[in-house]
1. Apply the Karplus parameterisation 6.51 cos²θ - 1.76 cosθ + 1.60, with θ equal to phi minus 60°, to every residue of segment 82-95 and state each ³J(HN,Hα) to the nearest whole Hz, in sequence, with x for glycine and proline.
2. Provide the per-residue ³J(HN,Hα) series for segment 111-119, in order, calculated from phi with Karplus coefficients 6.51, -1.76, 1.60 and θ = phi - 60°, each as a whole number of Hz, with x at glycine and proline positions.
3. Please express the Cα-Cα pair-distance distribution P(r) of segment 27-114 as a list of whole percents, one per 10 Å bin, running from 0 to the bin with the greatest distance.
4. Just how much of residue 132 is accessible, in Å², when a 1.4 Å probe is used and the result is rounded to the nearest 10?
5. What number comes out for accessible area per residue over the chain if the probe is 1.4 Å? Units Å², please.
6. Could you pull out every residue, at least 5 positions away or on a different chain, whose amide H is within less than 5 Å of the one on residue 45? Hs are placed 1.01 Å off N in the peptide plane, and Pro or chain starts have none.
7. Would you compute, from DSSP H runs of 4+ residues alone, the mean residue ellipticity of the chain at 222 nm, taking -39500 (n - 2.57) per run and dividing by the full residue count, rounded to the nearest 500?
8. Mind jotting down the distance between the C-alpha centroids of segment 106-142 and segment 1-27, whole Å?
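The values are calculated or read from the model by the stated rules, or taken from the named source; none is laboratory data. It should be emphasised that the depicted structure is a prediction, and the values quoted were computed from it without experimental measurement. Here the Cβ is made from the backbone with ideal geometry for all residues, glycine too, and neighbour counts use every protein chain on show. Side chains are part of the model used for accessible areas, which takes the heavy atoms of the whole protein and leaves out ligands, DNA and RNA. Shrake-Rupley method; radii C 1.70, N 1.55, O 1.52, S 1.80 Å.
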Amino acid sequence: MNDSEILARLSELGIELPPPTRPVAAYVPCVVAGGLAFVAGQVPMSAGAVLHPGHLGEGVTVEDAAAAARQAALQALSVLRDRLGGFDRLQQIVQVTVFVSATPDFVDHPSVANGASELFVQVLGRAGEHARAAVGMSSLPLGASVEVAVTASVSS
């Protein structure tokens, strides 16, 4: 990948890359090992607050949660760029896990996760295509409706 091309693509899409998030507990935002970059779970933030907090099936809409997942994916890209010193070493988004805070009867987790998945493809093209899991949870950190964790392949 090319750092300036990805930044240009973000600009074309009218998307501003947020500053990389900082840990809220005892972990690091990204670890690179064995040709892979593991981005810690990203809780979607906007102006210092959790974006669309709450539970799906109980006040948070699928559309709002998908927008939150999109924001969390954008934050993951920012963390990757920060850890790698640019996007030049990024090769492929390999795996995306989207945790969805939902009531037991909620079943539309894939539609929520599409917010993250579609962002990666929009920005990175084929290199943004990935395997994915969308998992329902009873609660998430900071009361978030979604959390997104990413694994990417990177060059040395």
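1. 5, 5, 8, x, x, 8, 4, 8, 6, 10, 7, 7, 9, 9
2. 5, 5, 5, 4, x, 6, 4, 5, 4
3. Computed distribution, short to long bins: 16, 44, 28, 11, 1.
4. Here the accessible area works out near 90 Å².
5. 47 Å²
6. When sequence neighbours closer than 5 places are left aside, the close amide H contacts are 51.
7. Taking each H run of at least 4 residues, the total per residue is -10500 deg cm²/dmol.
8. That distance is 17 Å.
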